[in-house]
Amino acid sequence: MKTAKKFMLVFTFVAVNLAACKTPDNGNENLPEIYVDLSKEQDFYDISTDIEPDFEIIALETDDQCMLGQIQKIVFANNQYYILNSSQICIYIFNAQGKFVTKLEKLGRGPGEYLSLTSFAVIGLDIWIFDNTGSKIMRYDANLMNTESIPLQSTILEIESLADNLLLSSNFIGYNKRNYQLYQYNTQAHKLTEYLEYTAQNPDILPIKKDRQFAKLNDSCLFIYSYCNLIYDITASGIEPKYRFKISQRYEDIPVTYNRYSEEPNVIRGISAINQTPNSIILEYTDQGRPKYAICNKSTMQCIAYKNTMQASALGGLLINDYVIQDNNLIACYNSHYLFIPMIFDLDKVKDAKVKKRFEAITSQLDEYDNPVIIKFRLKPDSGF
């Protein structure tokens with residue numbers, strides 16, 4: 001994967017449209033199946049035994065120049081935290097200790113500025129964003145100077161990096177004559193490639209946005225999109241269906257209008273987010289208005305559904321809900337006032353005295369209006385998660 005040529009995605013099957021995902025004769029029926037059996041739901045997954053004891057607790061610096069609002073995405077790269085603030089439409093950068101470094105804030109109509117900021121990725125020292133309003137991919141160097149802009153007429157929901165390539169997921173409704181679910185931009189060859197063509201839908205169709213369509217791990221990346229019961233795998237060898245998923249009850253992931261959706265609140269409309277660790281695949285979905293998830297063991301393909309948020313009982317029942325997985329790290333984010341709510345985190349119930357002291361050192365200096373706290377867990381190699 002060290003050269004752009006080696007990474008070129010080889011799309012070995014003809015363009016796949018939305019209908020093809022559910023067609024039984026397209027060769028995908030033999031894929032490993034992830035079966036989510038809702039009749040065997042368990043209460044919650046306890047991650048306590050899966051994490052190393054030397055996890056990091058980072059209180060992000062609170063200052064007038066770096067007051068965070070709604071956090072949309074966190075990336076840890078170059079020993080720094082890059083944080084997309086959706087309310088202020090900018091990317092804040094903090095060092096590994098939580099000290100504010102700088103921010104990418106280029107909102108405007110001038111040269112090198114963007115009109116919107118949907119998502120971003122980091123490749124080397126460069127920050128790559130997509131401006132949906134301006135319909136372009138934009139590159140900013142280590143000095144936050146815009147060095148490249150690539151036009152792209154699409155609605156991009158999420159961006160991920162894979163070696164020297166950008167992966168961009170699109171909307172599923174289709175405003176143009178030709179629409180694609182996935183784009184790959186080779187940042188070295190400056191080449192844009194389109195994948196997973198689909199037919200434009202009725203404008204009354206509900207645009208169901210996925211919370212997380214990419215789940216990267218080392219040199220590969222899982223990918224999901226609406227109205228498809230397949231999970232794709234993107235690697236140096238190409239992009240191909242990797243798994244099928246099936247939900248035992250109330251599952252219907254087909255195009256639906258606003259009116260019909262409001263009449264069927266109990267229907268599970270597919271997977272809303274995907275994550276993966278070296279050992280597991282985590283699927284998130286909404287069931288009867290509640291966010292739920294299932295964990296599938298990659299080796300056994302055993303899948304267990306859970307009805308409540310994952311937590312660490314040994315850490316005072318710490319809830320782990322807003323998180324991202326990078327390699328063998330789980331990075332969780334907490335609004336500062338959450339750490340004072342016993343239902344989310346009960347300091348008195350932290351079992352290890354040294355760990356309790358570490359939490360106390362952070363929480364004793366926190367104000368409920370301070371910037372969020374990041375907890376960076378390292379997963380054990382033999383983790384069941």
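Details
- Single residue of Pro291, Pro381 found to be open to solvent by 20 Å² or more (accessible area, probe 1.4 Å) and part of a strand (DSSP E or B): Pro291
- Residue identified as open to solvent by 20 Å² or more (accessible area, probe 1.4 Å), modelled with pLDDT under 95 and within 22 Å of Asn279 (Cα to Cα) among Asn202, Asn218: Asn218
- Condition met for Tyr92 (touching a residue at least 60 places away in the same chain (Cβ under 8 Å), hydroxyl-bearing (Ser, Thr, Tyr) and open to solvent by less than 50 Å² (accessible area, probe 1.4 Å)): no
- Considering segment 336-377, and only residues there that are more than 18 Å from Leu60 (Cα to Cα) and among the basic types (Lys, Arg), the residue that is surrounded by the fewest Cβ atoms within 10 Å (Cβ to Cβ) turns out to be Lys354.
- Residue check for Thr277: hydroxyl-bearing (Ser, Thr, Tyr) and within 15 Å of the chain's Cα centre (by Cα): yes
- Test for Leu167: is it within 22 Å of the chain's Cα centre (by Cα), closer than 22 Å to Val75 by Cβ and modelled with pLDDT of 95 or more: yes
- Within segment 29-66, the residues that satisfy the criterion of being farther than 21 Å from Tyr323 by Cα, open to solvent by 70 Å² or more (accessible area, probe 1.4 Å), in contact (Cβ under 8 Å) with a residue 40 or more places away in the chain and part of a helix (DSSP H, G or I) are Glu29, Ser39, Lys40.
- Verdict on Asn229 being touching an Asp or Glu at 6+ places or on another chain (Cβ under 9 Å), open to solvent by 10 Å² or more (accessible area, probe 1.4 Å) and not hydroxyl-bearing (Ser, Thr, Tyr): yes
- Taking segment 294-303 as the range and being crowded, with 16+ Cβ neighbours inside 10 Å and over 19 Å from the mean Cα position of the chain (by Cα) as the test, only Cys303 passes.
- Filtered residue count, segment 185-237, keeping only those that are touching a helix residue (DSSP H, G or I) at 6+ places or on another chain (Cβ under 6 Å) and either more than 19 Å from Tyr261 (Cβ to Cβ) or part of a strand (DSSP E or B) (or both): 5
- Checking each residue in segment 233-257 for being open to solvent by 50 Å² or more (accessible area, probe 1.4 Å) and at positive phi picks out only Arg250.
- For segment 304-334, the tally of residues that are touching an Asp or Glu at 6+ places or on another chain (Cβ under 6 Å), touching a residue at least 40 places away in the same chain (Cβ under 8 Å) and open to solvent by 10 Å² or more (accessible area, probe 1.4 Å) stands at 4.
- Listed by position, the strands (runs of 3 or more DSSP E) inside segment 108-172 whose residues that are among the hydroxyl-bearing types (Ser, Thr, Tyr) and either open to solvent by 20 Å² or more (accessible area, probe 1.4 Å) or free of Cβ contacts under 8 Å to residues at least 60 places away in the same chain (or both) number at least 2 are 146-151, 165-170.
- Number of the condition not met by Thr300 [criteria: (1) in contact (Cβ under 8 Å) with a residue 24 or more places away in the chain; (2) assigned to a loop (DSSP other than H, G, I, E, B); (3) not small (Gly, Ala, Ser)]: (1)
- Residue in segment 98-105 that is outside any loop (DSSP other than H, G, I, E, B), touching a residue at least 40 places away in the same chain (Cβ under 8 Å) and farther than 19 Å from Gln72 by Cβ present: no
- If you go through segment 79-89 and keep only what is hydroxyl-bearing (Ser, Thr, Tyr) and either surrounded by 16 or more Cβ atoms within 10 Å (Cβ to Cβ) or outside any loop (DSSP other than H, G, I, E, B) (or both), you end up with Tyr81, Tyr82.
- Condition check for Met343: touching a residue at least 60 places away in the same chain (Cβ under 8 Å), outside any strand (DSSP E or B) and farther than 13 Å from Tyr45 by Cβ: no
The values are calculated or read from the model by the stated rules, or taken from the named source; none is laboratory data. For clarity, every value in this text was computed on a predicted model and none was experimentally measured. All Cβ positions, glycine included, derive from the backbone under ideal geometry; neighbour counts span all protein chains shown. Calculation scope for accessible area: heavy atoms of the full protein, side chains included, ligands and nucleic acids excluded. Shrake-Rupley method; radii C 1.70, N 1.55, O 1.52, S 1.80 Å.
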